[in-house]
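The values are calculated or read from the model by the stated rules, or taken from the named source; none is laboratory data. It should be emphasised that the depicted structure is a prediction, and the values quoted were computed from it without experimental measurement. For neighbour counting, all protein chains shown are included, and Cβ atoms are generated from backbone atoms with ideal geometry for every residue, glycine included. SASA here: full protein model, heavy atoms, side chains in, ligands and nucleic acids out. Shrake-Rupley method; radii C 1.70, N 1.55, O 1.52, S 1.80 Å.
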Amino acid sequence: MLFSTFILRSVTFRNRIFVSPMCQYSSKDGLPTEWHLVHLGSRAVGGAGLVVVEATAISPEGELVR
């Protein structure tokens, strides 16, 4: 069943492989960078049905304190 299609409401996933957010803390000022494109894009091209992006913040006050 891992490689079978999965339907959740109106979204159809090509398989049941989901990549969870990894929180690499590599964004610049809360925005995605080229690193995100390569890192997350490679997971998507690799065949995952869903790739969840790491934590983001729309303002400095919303950022996780490290």
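Has the stretch 51-58 got at least one residue that is among the small types (Gly, Ala, Ser), open to solvent by 60 Å² or more (accessible area, probe 1.4 Å) and modelled with pLDDT of 85 or more?
We begin by selecting, within the stretch 51-58, every residue among the small types (Gly, Ala, Ser); these are 55, 57.
From what is left, the residues that are open to solvent by 60 Å² or more (accessible area, probe 1.4 Å) are 55.
With the extra rule that they be modelled with pLDDT of 85 or more, the set shrinks to none.
The answer is no; no qualifying residue exists.
Determine the pairs where a residue that is under 15 Å from VAL52 (Cα atoms) and free of Cβ contacts under 8 Å to residues at least 40 places away in the same chain, located within the stretch 11-30, has a partner that is in a strand (DSSP E or B) and among the β-branched types (Val, Ile, Thr) with Cβ atoms under 6 Å apart, the partner being 6 or more residues away or on another chain.
VAL19/VAL51
Could you grab me the full set of residues in the stretch 13-27 that are of a type outside the set (Lys, Arg) and at pLDDT 90 or above? Quick ask: steps written out before the conclusion?
Taking the stretch 13-27 first, the residues of a type outside the set (Lys, Arg) are 13, 15, 17-27.
Across the stretch 13-27, the qualifying residues are PHE13, ASN15, ILE17, PHE18, VAL19.
Considering the stretch 1-41 alone, what residues qualify as being open to solvent by less than 60 Å² (accessible area, probe 1.4 Å) and either at positive phi or part of a helix (DSSP H, G or I) (or both)?
CYS23, GLY30, HIS36, HIS39, LEU40, GLY41
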